[in-house]
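The structure appears below as structure tokens.
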Amino acid sequence: MIRLHKVTSKKEMKQFVLFPFSLYKHNPYWVPPIIKEEIASFDPAKNPVFQNAEAQFFIAFKNGKIVGRVAAIINWIEVEKQQLKKMRFGWFDVIDDLAVSKILLNKVKEIGLENNLLFMEGPVGFNNLDKTGILTDGFEHIGTMITWYNPPYYKVHLEQLGFVKEKEYLENKFAFKNVDALYFNKWSTVVKKRYLLSAMEFTKTKDLLPYVDDMFDLLKKSYGKLATFVPISKVQIAYFKKKYLRFINPEYLKFVVDANNKLVAFALVMPSFSKALQKANGTLFPFGLFYLLQAKKQAKDVIFYLIGVDPAYQNKGIHAILFDQYAKTFSEKGIVNCIRTPELANNTAIQKIWKNVGPITHKKRSTYKKILSEKFKK
């Protein structure tokens, strides 16, 4: 018999967070989170996302053992201001038992109907800064700290329960040796002269901090028209800075500004922490922090986390300036592989940016959607 239990205590939240550690214990491709930080991210007193969103967390038990989990999420900015009546679900993990998936997702459906929402979609987080989608191809590749991993049967479960693919994301990578540094240097010089632009680079985190808010404003302008974008508040940005800036080498954040020192483009790259997080196995002490700091300094693979260009400067070759900067930095650090975070398969603009570096699609992932009631199909 399967029993569903709502998380109501710190002890149960820890069980919720720890479940994937047992599910993927012997999987060489799963990348664990830091347990303490994952728990904190679900605490309304610590994560400002709860100012505009709510979530309920559920654990499924079978024969006294945890066999699945899910978070049922409503982003009220999305629902009320964007008029997108979506019930979100995320942090979905389950054993290969369709009945477990069914009871978990039926609970999400129930909450959606109680709130008069039209459909449910997931796996997704609270907003665009969270992980998204189940892996549908590329199960033999190691994950990243900003993506979920799952076995092939997740897709099967969702489809058997009546979910249909909603959005597809591609994860691409390319060898740094594919980057023609001379080509990007040439075009960078041309573009900077043509549009009176200049590049900004940093060696100290404190020096880039004054520009981070501008970066998020530009992120909104760059991605605002995408169907997946939900506005991110100032307090959420502050939370993001506190949570992630320590993982970022300042020289991996590149800015392009105009003649008035206004930000028109940026790119944010992070060292790959995948292997370090696997070694840390969810804890920072006694050795986890050492593994992460070592990866920050020595990782030869990097993750392109965010890239944004002001709409007024899109299709003008601005990315050549960013790539010219990175070509120099990566050459100095001996970077081998460049890995991109999930990008919408229909985002042709971003795909054009990468066309000259020989990208290879090594993973695919998707979100899945289900109408909550038959009456909404009419």
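The values are calculated or read from the model by the stated rules, or taken from the named source; none is laboratory data. A quick note: this is a predicted structure, and the numbers were derived from the prediction, not measured. Quick reminder, even Gly has a Cβ in these numbers, built from the backbone with ideal geometry, and neighbours come from all protein chains shown.
Restrict the check to the stretch 41-53 and report whether at least one residue is under 26 Å from SER373 (Cβ atoms) and at pLDDT 95 or above. The answer is yes; a qualifying residue exists.
For first residues located in the stretch 101-115 and under 21 Å from PRO152 (Cβ atoms), partners that are part of a helix (DSSP H, G or I) and lie 6+ apart or on another chain with Cβ distances below 6 Å form the pairs SER101/HIS157.
A quick yes/no check of all residues on (1) in the same structural domain as VAL309 (by TED's automatic domain parsing); (2) at pLDDT 95 or above; (3) within 30 Å of LEU84 (Cβ to Cβ):
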{"position": "LYS165", "(1), (2), (3)": "no, yes, yes"}
{"position": "LYS193", "(1), (2), (3)": "yes, yes, no"}
{"position": "SER198", "(1), (2), (3)": "yes, yes, no"}
{"position": "THR205", "(1), (2), (3)": "yes, no, no"}
{"position": "LYS225", "(1), (2), (3)": "yes, no, yes"}
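So which of LYS262, LYS254 is surrounded by fewer than 17 Cβ atoms within 10 Å (Cβ to Cβ), under 28 Å from LEU197 (Cβ atoms) and basic (Lys, Arg)? The unique qualifying residue is LYS262. Against the criterion of being of a type outside the set (Lys, Arg), touching a residue at least 12 places away in the same chain (Cβ under 8 Å) and within 23 Å of LYS234 (Cα to Cα), ILE74 qualifies.
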